[in-house]
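J.: Below are the structure tokens for one structure; questions will follow.
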Amino acid sequence: MPELPEVETIVRKYSKLLSGQKIAAFESRWPRQVSPDYNAVKTALPGLQINNLSRRAKFIVMHLSNNSWLLVHLRMSGRFEWLKPGESEPAHVRALWTFESGEQLLFCDARKFGRIIYTSDFAAATAGIGIEPLERSFTAARLGDILHSHSRTIKTMLLDQSLIAGLGNIYTDESLHMAGIHPARRSDGISDEEVLRLHGAIKTVLKEAIRHNGTSFDWIYPDGHMQDNLKVYGRKGEPCRSCGGIIERTVTGQRGTHFCPRCQPLK
């Protein structure tokens, strides 16, 4: 599933293409992924202009001209494609926006897990999402408060989207490695010094991943280069790039987890 850096990369890529485009028609070929109601959304969108794009957690957010919003979550296999007049459609098109320019934005989703949400209340639609880790309000003190208010494995805590938005399996593993913290540690046992290290690691890892356009492992998201710079994720049995120890893989909270036992001892 695309995480914060991949979604941020998509937003930056499509901002110039979509900003100022006026919607002529909207069609979904898998209506159950459109909410609150496909027919209502199909009726509401024509005539509206996309003012700009942004990101909230793992949502791509279209800001519309009538002070409403369209939120798109890619989930496991969703991706955008841009179609010019006369070009052929790719496979697995589930939704498409046709613009007055004649161009189209396609939402391709092989597994049909993606979501398209139309709302006039952005705050309510995103009320259950946690703090953005690249915003100024995400301080080390705030991170410490989040971690120390629960007694769960720290890997599980960092993946909880209601607490911290946008972190997924890849960048959680990478951040914990950079901070030297074992993923099975209890969150309320993390020291203040470790909180500081983890806070800096999260920001550093996410910014580096954005610079590399995210991580690519398959055809669904092909444009990233961060996979060439990952320290632990997906590297089971390979030497750690920091200490030379062998990367191990375990399961934490039903998620595959990669770590270096030398750099991240379980205290």
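J.: Please report, as a whole percent, how much of the solvent-accessible surface of the range 1-53 comes from carbon and sulfur atoms (probe radius 1.4 Å).
T.: Looking at the range 1-53 in its full context, I get 50 percent from C and S.
J.: So if I place +1 on the C-beta of Lys and Arg and -1 on the C-beta of Asp and Glu, and nothing else carries charge, what would the dipole magnitude of the chain be about its Cα centre? I want it in debye, nearest 20.
T.: So the dipole magnitude of the chain works out to roughly 380 debye.
J.: Next up: To the nearest 10 degrees, how steeply does helix 4-18 sit against the main Cα axis of the chain, on a 0 to 90 scale?
T.: Once rounded, one gets 20 degrees.
J.: Tally Lys/Arg at +1 and Asp/Glu at -1 over every other residue whose Cβ is under 12 Å from the Cβ of Ser151; what's the total?
T.: Spelling it out: positives minus negatives among the neighbours equals +2.
J.: Taking the alpha-carbon centroid of each part, what is the distance from the range 1-53 to the range 231-255 in angstrom?
T.: Cα centres, the range 1-53 to the range 231-255: 37 Å.
J.: Quick check: the angle from helix 192-211's long axis to the longest principal axis of the chain, C-alpha only, nearest 10 degrees?
T.: Roughly 40 degrees between the two axes.
J.: Which semi-axis lengths, in whole Å and largest first, follow from the square roots of five times the eigenvalues of the Cα gyration tensor of the chain?
T.: 37, 20, 15
J.: Report ³J(HN,Hα) in whole Hz for each residue of the range 219-225, in order, from the Karplus equation J = 6.51 cos²θ - 1.76 cosθ + 1.60 where θ = phi - 60°; Gly and Pro get x.
T.: 6, 5, 10, x, 9, x, 10
J.: On the accessible surface of the range 172-267, probed at 1.4 Å, how many percent belong to carbon and sulfur atoms?
T.: Solvent-exposed carbon and sulfur of the range 172-267 make up 49 percent of the total.
J.: Once you list every other residue whose beta carbon is under 14 Å from the beta carbon of Pro31, what net charge do they have if Lys and Arg are +1 and Asp and Glu are -1?
T.: Net charge in that neighbourhood comes out at +3.
J.: Further question on the same structure: So what is the accessible area of the chain per residue, in Å², with the probe set to 1.4 Å?
T.: The answer is 45 Å² per residue.
J.: Provide the net charge surrounding Cys243, with neighbours chosen by a C-beta distance below 12 Å and charges set as Lys +1, Arg +1, Asp -1, Glu -1.
T.: That sum, taken over residues with Cβ under 12 Å, equals +3.
The values are calculated or read from the model by the stated rules, or taken from the named source; none is laboratory data. Keep in mind that what you see is a predicted model, and the values were worked out from it rather than measured. Every residue, glycine among them, receives a Cβ derived from its backbone with ideal geometry; neighbour counts consider all protein chains shown. Keep in mind that these areas ignore ligands, DNA and RNA; they rest on the heavy atoms of the full protein, side chains included. Shrake-Rupley method; radii C 1.70, N 1.55, O 1.52, S 1.80 Å.
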